[in-house]
Amino acid sequence: MDQEPTAKDHLPYPYNQDLSGVLRRMNRRTPFSRKRLANDPVTAAYVLAGMQLVRRHLGPGAQRVLNDPEDENSVGRPLLSFLSQRAIVAQLADNPAPFARAGTTATLRCSWRSHSDYIADLLGFGLWSLHEPASYDSRIAPDCERLIEGSEFVEAAHRLCYYDLTTLVDNPTFRLELIATAAAEGDEVIREALAANHHGAIEPWKQVYQEMFLARGLRLRPDVSLDDFAGMLAALASGYALRRIAHSGSVGIDTEKQRCIFGTAALALLLGCAERGAEGGGAVDESVEAAVRELVYGRPAKGGEQAAPPAWPRETDRPSPTGGVRPGFTRENPPSASPDETDAFFAQLDRLCDEGLPPEVRQAATTLRDRLSP
């Protein structure tokens, strides 16, 4: 006989699922009690309430309420509520010399038309100072020169990426940028501040990249603009910084060698997006997609001749991970690798799937292994 539906069964997906593996910090002593509480409909109600607040304040479709109905820039910012006027005035007492250590909310209001304007200016300053500290500029200038000339291009690129990533991770204003980005939907003041910061952070690097391409005889592929290239590098930096903050072990940083995975990713991006100029004997106007097709399938034959078949895409060229022959191999059509070579290849793939390596390496190796396995 079928069991009667419980109150939890009537909840919508995914609240009607077993949540004991997700809600792992329930305040009960035994595993049974924790599992029962995790699946209680009242617990689901609390979870839903929290998710509704997240959506309301962070989006998508975040609700924005004006603190002053007559001021369209007075948007409430709950994520930045710790920056209230009273808190700012109280913080003045802890300012180091020679900064002022006394103030009032009246003087603060006198300096900015609204608190929203103060928040916007603070955000703009914080994001600007993240990318423009004097000590940071003095560190990167020598290595920027090495990108343009000399034999230490790769080493300089690694150091610059190390400087950039550690600056983002160690500077609290990057966290401010994360909060501001989450709160940006529907808030034009924050959106404009973020856009201005992005432009100010990218423009100096675009000049460096342009000089580097000219000096090194390189050029971007026709389907990649300088803005695209600079934006992709900036996105890599922000992404790795976010992952490092969330879980430091997921993004290794070697402080002794001043290297990190961001440097390898940046070099890989350069390799894919740039090519030698025509005068250097490189391919002419080859897009990224064309370069990938050539990498996967081989260079097309000239003069209308049939191109040589690729080594691996054919089904009959794929060896078994056990060293045997997959279905489709015949004596007339043997595998392209010996059993020993095949075993060594898959052993290397298994090592690349190891937990100790970066997630992107593990994911690529796992995908390749699955594609090649029977």
Could you tell me which residue of the range 246-281 is modelled with the lowest pLDDT, considering only residues that are open to solvent by less than 60 Å² (accessible area, probe 1.4 Å) and in a loop (DSSP other than H, G, I, E, B)? Gly277
Number of the exception - Gly21 against (1) modelled with pLDDT of 85 or more; (2) not in a loop (DSSP other than H, G, I, E, B); (3) not hydrophobic (A, V, I, L, M, F, W, C): (2)
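Of the residues Arg243, Arg219, only one is touching a helix residue (DSSP H, G or I) at 6+ places or on another chain (Cβ under 9 Å) and part of a helix (DSSP H, G or I); which? It would help to see each step written out before you state the result.
Details: Arg219 fails: part of a helix (DSSP H, G or I).
One residue alone meets the criteria, Arg243.
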Only one of (1) more than 20 Å from Leu147 (Cβ to Cβ); (2) open to solvent by 30 Å² or more (accessible area, probe 1.4 Å); (3) out of contact with any Pro (no Cβ under 8 Å at 6 or more places or on another chain) is not met by Ala193, so which one is it? (2)
Assess whether Ala230 counts as being of a type in the set (A, V, I, L, M) and part of a helix (DSSP H, G or I). yes
Do the conditions hold for Pro142, that is, is it more than 20 Å from the chain's Cα centre (by Cα) and either buried (at least 16 other Cβ atoms within 10 Å of the Cβ) or in a loop (DSSP other than H, G, I, E, B) (or both)? no
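I want to confirm something. Restricting to the range 154-163 and keeping residues that are open to solvent by less than 40 Å² (accessible area, probe 1.4 Å) and not aliphatic (A, V, I, L, M), which single residue is nearest to Ser248 (Cα to Cα)? Before you say what the answer is, go through the steps one by one.
Taking the range 154-163 as the starting set, the residues that turn out to be open to solvent by less than 40 Å² (accessible area, probe 1.4 Å) are 156-158, 160-163.
With the extra rule that they be not aliphatic (A, V, I, L, M), the set shrinks to 158, 161-163.
On the way: His158: 19, Cys161: 17, Tyr162: 15, Tyr163: 16 Å.
Among those residues, the one meeting the criterion is Tyr162.
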Considering residues that are over 24 Å from Ser287 (Cα atoms), touching a Phe, Trp or Tyr at 6+ places or on another chain (Cβ under 9 Å) and surrounded by fewer than 16 Cβ atoms within 10 Å (Cβ to Cβ), the number found within the range 196-228 is 2
Confirm whether Thr173 is under 22 Å from Leu267 (Cα atoms) and either of a type in the set (Asp, Glu) or surrounded by 15 or more Cβ atoms within 10 Å (Cβ to Cβ) (or both). no
Within the range 174-202, the count of residues that are over 20 Å from the mean Cα position of the chain (by Cα) and either outside any helix (DSSP H, G or I) or at pLDDT 90 or above (or both) comes to 2
What pairs come out if I take residues in the range 1-28 that are within 13 Å of Asp40 (Cα to Cα) and of a type in the set (Val, Ile, Thr) and pair them with residues that are loosely packed, with under 10 Cβ neighbours inside 10 Å and modelled with pLDDT of 85 or more whose C-beta lies under 9 Å away, six or more apart or interchain? none
Could you please tell me which pairs satisfy a Cβ distance under 6 Å, a separation of 6+ or placement on different chains, a first residue in the range 94-113 that is over 26 Å from Val189 (Cβ atoms) and at pLDDT 80 or above, and a second residue that is in a loop (DSSP other than H, G, I, E, B) and not aliphatic (A, V, I, L, M)? Arg101/Asn95
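The values are calculated or read from the model by the stated rules, or taken from the named source; none is laboratory data. Only a predicted model underlies this, so the values are computations on that prediction, with no experimental measurement involved. Virtual Cβ from ideal backbone geometry, glycine too; neighbours counted across all protein chains shown. Each accessible area value is taken on the protein alone, full model and side chains, heavy atoms only, with ligands, DNA and RNA left out. Shrake-Rupley method; radii C 1.70, N 1.55, O 1.52, S 1.80 Å.
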